[in-house]
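Let me begin by presenting the structure, written as structure tokens, before commenting on it.
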């Protein structure tokens, strides 16, 4: 190892593990600061910077946890998943995983779900800018082609299924209200997507609409999407109506790409 | 990759998301804007939406914070690829990053960690700079960072180190006068010594920014107004030099936009007439 490599390794070990071998590289200087204090400036800056990122990216999770538990989470996360990506936007990507694997957080499944919801809001915000589907495009589709049409979800669309009241709790905290009980009777489905004004929005989805969207995400053509919908409606006709209702809402809110394909028989 | 001088295009501001709408609505008298390169390493969304409109009206330059050119790890070509794609999309007047290391292996500090001023570091940076510039097919301007420590290993001053790097590579620097002031206070040297030592042809851009003074030391926070000492250093420096692209950089604690404009106008008022490209009076 060259001396430059050793110096950088010791610097990183000091930041990441608190190892003070690095102090041997620091020259004593006149003035008020000792070498230890000079090293601590970098240590503090590292911890403060990354803590701030998690505070900004996971504001409602922070409120849900309270200061003490949030600090414990940050400390544990920094130790388990030090930042490796050049962009700070990716630093918290493994926070849901951390919360699901480490006590005391793993005992409360809602925490992972709130963190995941907040990460998806960020991902939707940064997603690509493909053109969105317009109503006029539907009019140009020939009747015979409709069953074979493949609608594609826009890059900013994320689907989320929660086993707890994660999104409702997020909404309550955002409005300075107390969060509801974490327990819910059946899974809640959500769509997160960037809207035409570039703000990120989210909507509750019926089970039927959720399965329609996952069918589209899996590349199934319109005919199969309607069949999937029929399983959650009273009749095939009502299933198709559900899909048309979803298409209308999705087109208004920019959930689909303008690039529609016709699957060849 | 040979380095060329960049034309003088005037006085710029750091483009930050909180000012997007006001800039588009008021079309302020700013000669150019500087973006943080990594903030545009995403596929789309609000930043790109606004940047596309702003770049129709103003020249853009790109300033990176994560290249880690001084790192002893292998060059991160994935990062360079993202940078190159962003460059192609933005078409900036020039690009810059910092003379430092910020990552090592899989660890990213997200800080601008100083290099030791040694012959070994000079050779290392010379080699890396050539590789990066060849890959990007354009010159890379390097900014001096603030520092809070001096390495035992250093064999020369920071300004001697920069000058020697310029001699070897013809690279140009983005001199952050605030960073020089911060380091000068933390290491007890005269900031004028640093500024006077850098050859004029080696300077492509100037940053002016603020810091937080803790008495025993200064932290480069870039979240405060520019202090009187830094203004005076800039004024004295400008008297002795030909026009250099100058920018007000604010990274946190964002004030109303008009306060940044007032700082930009103040910078314009401190320079010789030869630096003027517009009459904004």
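Which residues, counting only those in the stretch A:132-160, are part of a loop (DSSP other than H, G, I, E, B) and within 14 Å of chain B (Cβ to nearest Cβ)? Steps first, please.
Step one: list which residues in the stretch A:132-160 are part of a loop (DSSP other than H, G, I, E, B), which gives A:133-134, A:140-142, A:151-152, A:154-157.
Within the stretch A:132-160, A:154, A:155, A:156, A:157 qualify.
The residue of the stretch B:43-62 that is surrounded by the fewest Cβ atoms within 10 Å (Cβ to Cβ), among those that are over 26 Å from residue B:143 (Cα atoms), within 14 Å of chain A (Cβ to nearest Cβ) and in contact (Cβ under 8 Å) with a residue 12 or more places away in the chain, is B:53. If you check B:213, B:220 for being within 14 Å of chain A (Cβ to nearest Cβ), under 25 Å from residue A:29 (Cα atoms) and surrounded by fewer than 16 Cβ atoms within 10 Å (Cβ to Cβ), only one passes: B:213.
Among the residues of the stretch A:232-265, write down those that are under 21 Å from residue A:187 (Cα atoms), part of a loop (DSSP other than H, G, I, E, B) and modelled with pLDDT of 90 or more. Selection gives A:232 alone.
Within the bounds of the stretch B:17-34, is there any residue that is within 16 Å of residue B:142 (Cα to Cα), under 15 Å from the mean Cα position of the chain (by Cα) and surrounded by 17 or more Cβ atoms within 10 Å (Cβ to Cβ)?
Step one: list which residues in the stretch B:17-34 are within 16 Å of residue B:142 (Cα to Cα), which gives B:34.
This time we only want the ones that are under 15 Å from the mean Cα position of the chain (by Cα), so: B:34.
Add one more test, that the residue is surrounded by 17 or more Cβ atoms within 10 Å (Cβ to Cβ), and what stays is B:34.
So far as the stretch B:17-34 goes, yes, one or more of its residues are within 16 Å of residue B:142 (Cα to Cα), under 15 Å from the mean Cα position of the chain (by Cα) and surrounded by 17 or more Cβ atoms within 10 Å (Cβ to Cβ).
May I ask you to verify whether residue B:161 is within 30 Å of residue A:34 (Cβ to Cβ) and in contact with a helix residue (DSSP H, G or I) (Cβ under 9 Å, 6 or more places away or on another chain)? Answer is yes for this residue. Hey, does the stretch A:155-169 have a residue that's buried (at least 18 other Cβ atoms within 10 Å of the Cβ) and over 27 Å from residue A:229 (Cα atoms)? So far as the stretch A:155-169 goes, yes, one or more of its residues are buried (at least 18 other Cβ atoms within 10 Å of the Cβ) and over 27 Å from residue A:229 (Cα atoms).
The residues in the stretch A:129-143 that are at pLDDT 90 or above and more than 23 Å from residue A:190 (Cα to Cα) can be counted, and the count is 3. Selection over the stretch A:52-78 of residues that are in contact with a helix residue (DSSP H, G or I) (Cβ under 7 Å, 6 or more places away or on another chain) and free of Cβ contacts under 8 Å to residues at least 24 places away in the same chain gives a count of 4. Hey, does the stretch B:258-266 have a residue that's within 13 Å of residue B:10 (Cα to Cα) and within 18 Å of the chain's Cα centre (by Cα)? Looking for residues that are within 13 Å of residue B:10 (Cα to Cα) and within 18 Å of the chain's Cα centre (by Cα), one finds at least one in the stretch B:258-266, hence yes.
Among the residues of the stretch B:68-89, those that are within 12 Å of another protein chain (Cβ to nearest Cβ), in contact with a strand residue (DSSP E or B) (Cβ under 8 Å, 6 or more places away or on another chain) and closer than 20 Å to residue B:108 by Cα comprise B:68, B:70, B:71, B:72, B:73, B:76, B:83.
Tell me the residue from B:108, B:39 that is facing chain A (nearest Cβ under 10 Å), surrounded by 17 or more Cβ atoms within 10 Å (Cβ to Cβ) and out of contact with any strand residue (DSSP E or B) (no Cβ under 9 Å at 6 or more places or on another chain), please.
Details: B:108 fails: out of contact with any strand residue (DSSP E or B) (no Cβ under 9 Å at 6 or more places or on another chain).
From the options B:108, B:39, the qualifying one is B:39.
Considering only the stretch A:84-106, state which residues are surrounded by fewer than 18 Cβ atoms within 10 Å (Cβ to Cβ) and either touching a residue at least 40 places away in the same chain (Cβ under 8 Å) or more than 14 Å from chain B (Cβ to nearest Cβ) (or both). Passing the criteria: A:97, A:100, A:101, A:102, A:103, A:104, A:106.
For the stretch B:146-195, what are the residues that are in a loop (DSSP other than H, G, I, E, B), buried (at least 22 other Cβ atoms within 10 Å of the Cβ) and within 14 Å of another protein chain (Cβ to nearest Cβ)? Steps first, answer last, please.
Step one: filter the stretch B:146-195 for residues in a loop (DSSP other than H, G, I, E, B), giving B:146-150, B:152-157, B:170-172, B:188-190.
So of that shortlist, the ones also buried (at least 22 other Cβ atoms within 10 Å of the Cβ) come out as B:146-150, B:171-172.
Passing the criteria: B:146, B:147, B:148, B:149, B:150.
When residues in the stretch B:80-93 are screened for being surrounded by fewer than 23 Cβ atoms within 10 Å (Cβ to Cβ) and within 19 Å of the chain's Cα centre (by Cα), 8 of them pass.
For the stretch A:103-131, a residue qualifies if it is under 11 Å from residue A:158 (Cα atoms) and in a loop (DSSP other than H, G, I, E, B), and exactly one does: A:127. If you go through the stretch A:202-213 and keep only what is in contact with a helix residue (DSSP H, G or I) (Cβ under 9 Å, 6 or more places away or on another chain) and surrounded by fewer than 17 Cβ atoms within 10 Å (Cβ to Cβ), you end up with A:203, A:204, A:206. Mind listing whichever residues of the stretch B:90-105 are facing another protein chain (nearest Cβ under 7 Å) and either closer than 15 Å to residue A:2 by Cα or in a loop (DSSP other than H, G, I, E, B) (or both)? The one that is facing another protein chain (nearest Cβ under 7 Å) and either closer than 15 Å to residue A:2 by Cα or in a loop (DSSP other than H, G, I, E, B) (or both): B:104. Restricting the stretch A:1-53 to residues that are part of a loop (DSSP other than H, G, I, E, B) and more than 7 Å from every other protein chain (Cβ to nearest Cβ), the residue that is farthest from residue B:74 (Cα to Cα) is A:34. Residue A:81 falls short of the stated requirement of being farther than 19 Å from residue A:107 by Cα, in contact (Cβ under 8 Å) with a residue 24 or more places away in the chain and in contact with a helix residue (DSSP H, G or I) (Cβ under 7 Å, 6 or more places away or on another chain).
Would the stretch A:190-199 turn up any residue that is at pLDDT below 95, within 26 Å of residue A:170 (Cα to Cα) and not in a loop (DSSP other than H, G, I, E, B)?
Here is the first cut: in the stretch A:190-199, the ones at pLDDT below 95 are A:194-199.
Then drop every residue that is not within 26 Å of residue A:170 (Cα to Cα), which leaves A:194-199.
Of the ones still in play, those that are also not in a loop (DSSP other than H, G, I, E, B) are A:194.
Yes: the stretch A:190-199 contains one or more residues that are at pLDDT below 95, within 26 Å of residue A:170 (Cα to Cα) and not in a loop (DSSP other than H, G, I, E, B).
Which residues, taken from the stretch B:14-36, are within 12 Å of chain A (Cβ to nearest Cβ) and either touching a strand residue (DSSP E or B) at 6+ places or on another chain (Cβ under 8 Å) or in contact (Cβ under 8 Å) with a residue 40 or more places away in the chain (or both)? Step through it out loud before you land on a result.
Step one: list which residues in the stretch B:14-36 are within 12 Å of chain A (Cβ to nearest Cβ), which gives B:17, B:20-21, B:36.
B:36, the sole residue that qualifies.
Residues in the stretch A:226-260 that are over 19 Å from residue A:203 (Cα atoms) and without any contact (Cβ under 8 Å) to a residue 12 or more places away in the chain: A:230, A:234, A:235, A:236, A:237, A:238, A:241. So, residue A:123, is that one buried (at least 16 other Cβ atoms within 10 Å of the Cβ) and within 14 Å of another protein chain (Cβ to nearest Cβ) or not? Yes.
The values are calculated or read from the model by the stated rules, or taken from the named source; none is laboratory data. If you're wondering where the values come from, they're calculated on a predicted model, not measured in any experiment. Neighbour counts run over all protein chains shown; Cβ positions are idealised from the backbone, glycine included.
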